[in-house]
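For reference, the structure is listed below as structure tokens.
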Amino acid sequence: MKTIIISPYSKLMRNGTKNPKNYPYWVELVRLLHEKGYHTIQVGVAGEEPIGAKEIHIGLPLRKLEGMIKKCDIWISVDNFFHHLADLIGKQGFVLFGQSDPVIFGHESNINILKDREYLRALQFAPWEESKHQEDAFLKAEDVMKVIDG
């Protein structure tokens, strides 16, 4: 059984709105991963919603998270800290982008999944509180699963 670590959320917004970087179809994607036989592990910080993973690890020390990344078969995240850490470790994975540009914020070593550049914010370095969450900016779970399956 392959292990997949999932880092599903980007930081909480200061104004209380949903972060535009957060993928809206995690529950469906995790269900599809389970159907394919993956053992799913959600990692994150306190206050994040569970997505249906078999394991949840909240508030891990950096060294523990690093060790988990090294041992997992694959990982998937949104545009957050996790994919930058994985790149430093040298572990390739999948990053779900919606409105942030993977050419700017992604790493060539990863598989950067972007539905369409038409959804990218015009001002990529503007505060995220100025953007609204757009579910349609992301690929549906079935399409992400096709990319993971290769």
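Each value in this text was obtained by applying a stated rule to the coordinates, not by laboratory testing. Quick caveat, the model's predicted, so the values are computed rather than measured. Every residue, glycine among them, receives a Cβ derived from its backbone with ideal geometry; neighbour counts consider all protein chains shown.
Histogrammed with a bin width of 10 Å, the alpha carbon distances of the range 3-149 distribute as 11, 44, 37, 7, 0 percent, first bin at zero.
Annotation: extensible slack from H34 through D149 equals 40.1 nm (criterion: 0.36 nm per residue apart, minus Cα-Cα distance). Relative to the longest principal axis of the Cα atoms of the chain, helix 62-71 runs at roughly 60 degrees. Here the extension length gained between H107 and L60 equals 14.6 nm, from 0.36 nm per residue of separation less the Cα-Cα distance. Here the chain is treated with +1 on each Lys and Arg Cβ and -1 on each Asp and Glu Cβ, and its dipole about the Cα centre works out to around 440 debye. Relative contact order of the range 3-149, taken over Cα pairs closer than 8 Å and 6 or more residues apart, is 28 percent.
Taking a sphere under 14 Å around the Cβ of D143 and counting the other residues whose Cβ falls inside, with K and R at +1 and D and E at -1, yields a net charge of -3. Each residue of the range 91-96 was assigned a 3J(HN,Hα) from its phi angle through the Karplus curve 6.51 cos²θ - 1.76 cosθ + 1.60 (θ = phi - 60°); the sequence is 10, 6, x, 10, 10, 8 Hz, with glycine and proline shown as x.
Using the rule -39500 (n - 2.57) for each DSSP H run of four or more residues, divided by the residues of the chain, the 222 nm mean residue ellipticity is -7500 deg cm²/dmol.
Near H57, the amide H atoms lying under 5 Å from its own belong to Q42, V43, G44; only residues 5 or more places off or on other chains count, and H is placed 1.01 Å from N. To the nearest 0.05, what FRET efficiency results for E129 and A46 with a Förster distance of 30 Å applied to their C-beta separation? Rounded to the nearest 0.05, the efficiency is 0.90.
A simple rule links phi to the HN-Hα coupling: the Karplus curve 6.51 cos²θ - 1.76 cosθ + 1.60 with θ = phi - 60°, which for the range 22-39 gives 7, 5, x, 10, 4, 4, 5, 5, 5, 4, 5, 5, 5, 4, 8, x, 6, 9 Hz, with x for Gly and Pro.
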